[in-house]
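Accompanying notes for the structure given below.
The values are calculated or read from the model by the stated rules, or taken from the named source; none is laboratory data. All values derive from a computational prediction rather than experimental measurement. With ideal geometry, Cβ positions are generated from the backbone for all residues, glycine too; neighbour counts draw on all protein chains shown. Heads up: the accessible areas ignore ligands, DNA and RNA and are worked out on the full protein's heavy atoms, side chains in. Shrake-Rupley method; radii C 1.70, N 1.55, O 1.52, S 1.80 Å.
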Amino acid sequence: LRVTEERMRIARELHDVVAHHLALANAQAGTAEHLALANPRQTQQILHDLSGTTSSALRELKATLGLLRQTDDEGAPLEPAPGLARLPELVSSCASAGITVTVTTEGEPQPLSPGVDLTAFRIVQEALTNVTKHAATQTAHVRFVYAGPRLLITVTDEGPPAPAAPEPAKGFGVMGMRERAHSIGGELRAG
């Protein structure tokens, strides 16, 4: 049971890292292609950002896979797990993919345990990835509400669904967000 749970945790982590960064890289490449002739300066900036997106994906993938390869080498350097402190980086990467993200906070921010911090970041990351992939919009809003020991995260967009692909693929994004929320005693509603 523990091995199965750990495999699911690793699968969620790999999905979050790979899906987010590849969706952003795809959006950045598409935007650069669209603007290449009309706005070479903006295209150059997007391509620069694309390089950062892919580098970040490779770093996170290497760190995650490194955990799988570890024996018990306590001296091995590990990149810290991402948390909400990396939210500005996430918002910036969305901007370079053509999505403007606004973030608001209500209530007094409370320190989060490492597990909750990672979960909050990954849920916001996946939600913004879904906006990038599945909504015909250029804006999204992330809202944090701190109420005592509880944190409510709402990610919204005002766009209609993007036109469906001929053969819609069954993804794991919402299921992974739901599993992450449940793993820390929370819940997720998607709609």
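For segment 32-53, how many residues meet the condition of being open to solvent by 60 Å² or more (accessible area, probe 1.4 Å) and in a helix (DSSP H, G or I)?
We begin by selecting, within segment 32-53, every residue open to solvent by 60 Å² or more (accessible area, probe 1.4 Å); these are 33-34, 37-38, 40-42, 44-45, 47-48, 51.
Filter again for in a helix (DSSP H, G or I), leaving 33-34, 40-42, 44-45, 47-48, 51.
The qualifying residues number 10.
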| query | Does any residue of segment 120-132 turn out to be closer than 16 Å to residue 20 by Cα and charged (D, E, K, R)? | reply | yes
| task | Filter segment 145-188 down to residues that are open to solvent by 70 Å² or more (accessible area, probe 1.4 Å) and not in a loop (DSSP other than H, G, I, E, B) and give me whichever is modelled with the highest pLDDT. | result | 152
| Would a scan of segment 84-98 turn up a residue that is exposed (fewer than 15 other Cβ atoms within 10 Å of the Cβ), modelled with pLDDT under 85 and among the charged types (D, E, K, R)? | no
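Go through the residues of segment 17-31 one by one and say whether even a single one is part of a helix (DSSP H, G or I), farther than 27 Å from residue 177 by Cα and at pLDDT 80 or above.
yes
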| note | Those residues of segment 22-39 which are closer than 21 Å to residue 175 by Cβ and touching a residue at least 60 places away in the same chain (Cβ under 8 Å) amount to 23, 24
| said: Restricting to segment 122-157, give me the number of residues that are of a type in the set (D, E, K, R) and within 22 Å of residue 171 (Cβ to Cβ). | reply: 4
